[in-house]
Amino acid sequence: MPGEEDVLVKQSVGSQSREPVKDNYDIAFSENNPSITFKDRAPQSSSDLKEVFSKFEADGPVSKEILSRARFLCAKYLGGSWNKVQIDNFKIRPVTGGMSNLLFLVELPPDLHPTSSEPPNALLRIYLQSDLDQLLTESVVFTLLSERNLGPKLLGVFPGGRFEQFIASRPLQCFEISQPRFAKKIAPLLARTHTLDAPITKEPQLITYCRNWLQKFRATPAGKKPIEIKTTEAQVDPKYVSDFYLENI
């Protein structure tokens, strides 16, 4: 039930032993504060997850805090063999390509195999968006695409993120999207997506999204420099524009 507390394992300072917890959720949350409790379904857990997973460093060792939280989420929302994963064998690594979220690949260790419908690996997505309307719209559309086999399967949803089917792939480059061999496959999928009757706002949002992206771009070092217009075929003038020019198109 929403609001229930999921109590994390107390870990004695300087000791490696942990008290057993029901359902194998023996989570060592933090060595610095071993008595912490964590309300998994509480509203504040969303911002808490962002804070925790934003500390991930790809070039360094994974902190016990991140391992514990990720392992807890896997056991709770993926179930099956994920309940048996020991924290020392838990595998997590970052996935590049996310624009507004943190993405991680979680995998079962080699000595554990799925016992039912649980996946051997999954994409862990931690939301970073602060716009709740945009987050709700994106979540609804993703769910519809998943149900209609137009995208990765939705494996689990929790406050602050979700689990998705992991598909080994890479994003297309801009020059690849226009190539006929890719465009012929993208076009019918895009058409099917646009015919979905989604329970979201029917007002056009493109200009709003563009202005939001422009505002974020202005906050970066590149946003203070002239923007070079790069094209493949068309000839445009001017060759460079400013953010003020884009704002008033």
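Coordinate-derived values only; no laboratory data. Here the structure is a predicted model, which is why all the values come from computation and not from measurement. Cβ placement follows ideal geometry from the backbone for every residue including glycine, while neighbour counts extend to all protein chains displayed.
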**Cβ-defined net charge surrounding Pro119, 11 Å radius [Lys, Arg +1; Asp, Glu -1]** = -2
**Footprinting exposure proxy for Asp197, Asp48 (fewest neighbouring C-beta atoms within 10 Å first)** = Asp197, Asp48
**Complete:** Non-local residues with an amide H under 5 Å from the amide H of Leu155, with H modelled 1.01 Å from N and Pro and chain starts lacking one, are Phe163, Glu164, Gln165
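Holding the Cα-Cα limit at 27 Å, pick out from Lys91/Lys153; Lys64/Lys216; Lys55/Lys76; Lys185/Lys230; Lys91/Lys216 the pairs that are longer than that.
On the way: Lys91/Lys153 21 Å; Lys64/Lys216 33 Å; Lys55/Lys76 22 Å; Lys185/Lys230 25 Å; Lys91/Lys216 33 Å.
Over 27 Å Cα-Cα: Lys64/Lys216; Lys91/Lys216.
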**Message:** Sort 114-123, 61-70, 184-193 by packing, meaning the average of other beta carbons within 10 Å per residue, with the highest value first.
**Reply:** 61-70, 114-123, 184-193
**Prompt:** Ile186 versus Ser54, label points 7 Å from Cα toward the beta carbon: distance in nm?
**Reply:** 3.2 nm
